[in-house]
Amino acid sequence: MPTQVNALPPSLTNELAALNRRLTAIERAPAPINTFDRYPTAEWEPIERGVVPGNIWHAMSIADVTGLVFDRIETKFTTYAVLKGQREPEIRLAAYRHSREGGKTIVSASSTWQLVGDPNTAYLAPGSIRWVHGIPYGWNYATDTDVYTVEFQVRYAVGPAQIPHTRLYVIAGLDTDSYDLLANAPVEQDTDGKWWYMPEVKEGSPYDARLIDLPGDSGNCKISAMQYCVGLPQSRVPDATPQGTLTYALEWKTVRAPDLSEAVMNL
């Protein structure tokens with residue numbers, strides 16, 4: 001029987017195989033030289049954000065951040081019609097790990113900030129968040145094809161504002177309809193002495209008198225999705241923390257520390 005003098009022991013074979021995998025990973029790893037992680041979602045215009053059932057956290061935008069190189073991110077957004085005492089949203093960032101079965105588990109969250117806004121004017125206002133995200137990154141990144149996302153989330157602390165509908169009694173028709181069959185509007189007086197006009201139309205007129213509701217302000221604030229969600233080194237965003245650092249052009253306040261147990265629309 002031949003002797004396997006050149007055979008390697010199983011333990012050494014396993015070590016060489018593991019070393020080969022690590023070398024392959026080094027070759028494929030992104031080089032963090034002058035390159036930032038870029039995971040953009042593109043939306044510059046603020047859009048209306050309504051209330052979901054239960055007024056729980058729900059996502060305005062989601063960024064795929066699988067394979068992060070840096071331990072912190074920066075994201076920007078814009079708002080409109082954040083009005084003090086009427087429509088004040090709460091916002092935060094939250095990170096999730098997604099399983100092969102399609103479910104997701106929260107990994108980390110920033111503090112919760114309440115955007116107070118202005119008491120009188122619906123300003124267009126920019127904001128940004130810098131955050132140490134808590135997702136595995138670099139050589140700590142998992143090797144079992146985990147998928148990670150960051151959500152920019154919202155719920156209401158105050159509002160939306162209750163805006164009454166405007167209802168009018170009018171005679172309506174098309175631009176091409178003839179005015180010939182419109183009747184003169186007689187002057188009437190109501191019981192409290194006020195004078196008003198009762199609109200009327202003659203038989204056969206294409207015009208019609210009816211009550212109509214004029215659409216108005218919904219009462220919702222408007223917030224854009226993340227204009228970008230980018231991984232950055234500490235030298236670029238040294239103020240990033242696990243709680244998050246918010247910059248916002250209007251009045252705001254921190255209302256809660258990071259909490260992974262709050263109810264969320266987990267889709």
**Study point:** Length released on extending from Glu203 to Glu43, taking residue separation times 0.36 nm less the Cα-Cα span
**Key:** 52.4 nm
Check your understanding: With r defined as the distance between the Cβ atoms of Thr254 and Ile163 and R0 fixed at 25 Å, what FRET efficiency is calculated, to the nearest 0.05?
Key -> 0.30
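Arrange Met265, Met226 by Cβ neighbour counts within 10 Å, fewest through most, would you?
By the 10 Å Cβ count, ascending: Met265, Met226.
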Review point. If you plug each phi of segment 96-112 into the Karplus form 6.51 cos²θ - 1.76 cosθ + 1.60 with θ = phi - 60°, what whole-Hz ³J(HN,Hα) values come out, in order, with x for Gly and Pro?
Key: 9, 9, 10, 8, 5, 7, x, x, 9, 10, 5, 9, 7, 8, 7, 5, 9
Practice item. Measure off 7 Å from each Cα along the Cα-to-Cβ vector at Gln234 and Leu12, then give the distance between these two points in nanometres to one decimal. Key: 4.1
Practice item. Could you work out how far apart the two model spin labels at Arg100 and Thr191 are, taking each label as a point 7 Å from the Cα in the direction of the beta carbon, and quote it in nm? Key: 7.6
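At a 10 Å Cβ-Cβ cut-off, how would you order Thr75, Thr66, fewest neighbours first?
Ascending number of Cβ neighbours within 10 Å: Thr66, Thr75.
Quick note: the coordinates plus some simple rules give every number you see, no bench work behind them. These numbers come from a predicted model, not from an experiment. Reconstructed Cβ throughout: ideal geometry from the backbone, glycine too, with neighbour counts over all protein chains shown.
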